[in-house]
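Input: a single structure, listed below in structure tokens.
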């Protein structure tokens, strides 16, 4: 496989993960897998292991199986596809778990303007347990954005308090 084909398949895998992630979040995590995902929407949760963390473990297992097929079954296009999916997973974890929920300790109390837009979209998701379901390119319905602008309720208040200089 040429380096260009490898790069294009990798990029395609990364880009296609956003709609796949949004669909999985909407119809699996807020559907049949809600029992696992509910732990993520629990108010006052601590940045520790939660049932919801089994989702990325399962997704990683699927990617590893795809890599195995790519290397061992002659399905070589699965290798760059798995690389793209893995890069998306890393970006997702850094934005969602690292920046928004402050579970990884990577960002500290630092604020990054471009990530604040994503954090606001995720705050709206947590406020109403509804759209947006995407993470890196979330589509926030205008009516939910307007509704969120009128509330003082902050689903991330525990995270914000734990990061303040006066917190113990």
Problem set entry | Residue-averaged [θ]222 nm for the chain, counting only DSSP H segments that reach four residues, each worth -39500 (n - 2.57) | -18000 deg cm²/dmol
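Mind pulling the per residue volume of the convex hull built on the Cα atoms of the chain? Å³ is fine. Present the calculation step by step, with values, prior to reporting the outcome.
Numbers: hull volume 22.1 nm³, N = 168.
So the per-residue Cα hull volume is 131 Å³.
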Seminar exercise, completed: Per the 1/(1 + (r/R0)^6) rule, R0 = 25 Å and r from the Cβ atoms of residue 60 and residue 5, FRET efficiency to 0.05 is 0.55
Exercise. How do 133, 88 rank when sorted from fewest to most other Cβ atoms within 10 Å of their own Cβ?
Worked result: 133, 88
Seminar exercise, completed: With Cα coordinates, the longest principal axis of the chain makes an angle with the long axis of helix 78-92, in degrees rounded to 10, of 10
Seminar exercise, completed: Distribution output for segment 83-157: share of Cα-Cα pairs per 10 Å bin in percent, first bin at 0, values 19, 49, 28, 4, 0
Seminar exercise, completed: Of 143, 120, 34, the most mobile residue in a GNM of the chain (C-alpha springs, cutoff 10 Å) is 143
Exercise. Against the longest principal axis of the chain, how steep is helix 113-128, in degrees 0 to 90 to the nearest 10, with axes from Cα atoms?
Worked result: 70
Seminar exercise, completed: The helix 54-72 Cα axis meets the longest alpha-carbon principal axis of the chain at an angle in degrees, between 0 and 90 and rounded to 10, of 10
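When a footprinting reagent is the concern and you count Cβ atoms within 10 Å, what order do 86, 24 take, fewest first?
Numbers: 86 20, 24 17.
Ranked by crowding around the Cβ, least crowded first: 24, 86.
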For this session: Mind telling me which of 129, 72, 52 comes out most flexible in a GNM of the chain, alpha-carbon contacts under 10 Å?
Result: 72
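All of the numbers you see were taken from the coordinates with simple rules; none came from a lab. It should be emphasised that the depicted structure is a prediction, and the values quoted were computed from it without experimental measurement. When we count neighbours, we look across all protein chains shown, and the Cβ atoms used for this are built from the backbone with ideal geometry, even at glycine.
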